[in-house]
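Please read the structure below before turning to the comments.
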Amino acid sequence: MLLAIGLADMVVTILLVGSGLCRELNPLMAPLLNHHWATFAGVKVLTLLGAAVGCEWYRRRDEEFVRKWVRVGIVSYLVLWAAWFATGWDPFAAA
């Protein structure tokens, strides 16, 4: 589920930024998207896959811990994404 949310976020971000409707708020990812959407997508996919591999590896040691924190990640990702999308909130904008 977390991978699906991350991939959906990636696609929506590429489409919205490409059409000029928003900008990438992550200061680490914004330069990659400004360079080329494929660079952004490649790094995003590698990051998501790295997180998935790490979770799967650690799940063998402590499944309940991983389940709990993946759920926290899912809820956090959805809440932040929905808040930014609905309000246009930009934490990096000048006050």
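Annotations
- Members of segment 49-59 found to be exposed (fewer than 11 other Cβ atoms within 10 Å of the Cβ) and touching a helix residue (DSSP H, G or I) at 6+ places or on another chain (Cβ under 9 Å), listed by number: GLU56
- Residues of segment 20-33 satisfying the condition of being open to solvent by 50 Å² or more (accessible area, probe 1.4 Å), at pLDDT 90 or above and in a loop (DSSP other than H, G, I, E, B): LEU28
- Index of the failed condition, LEU46 passing every other in (1) open to solvent by less than 90 Å² (accessible area, probe 1.4 Å); (2) free of Cβ contacts under 8 Å to residues at least 24 places away in the same chain; (3) part of a helix (DSSP H, G or I): (1)
- The condition (being assigned to a helix (DSSP H, G or I), within 11 Å of the chain's Cα centre (by Cα), exposed (fewer than 14 other Cβ atoms within 10 Å of the Cβ) and not acidic (Asp, Glu)) is satisfied by just one residue among ALA82, ALA4, ALA86, ALA38: ALA4.
The values are calculated or read from the model by the stated rules, or taken from the named source; none is laboratory data. Only a predicted model underlies this, so the values are computations on that prediction, with no experimental measurement involved. When we count neighbours, we look across all protein chains shown, and the Cβ atoms used for this are built from the backbone with ideal geometry, even at glycine. Surface accessibility is based on the protein's heavy atoms, side chains included, excluding ligands, DNA and RNA. Shrake-Rupley method; radii C 1.70, N 1.55, O 1.52, S 1.80 Å.
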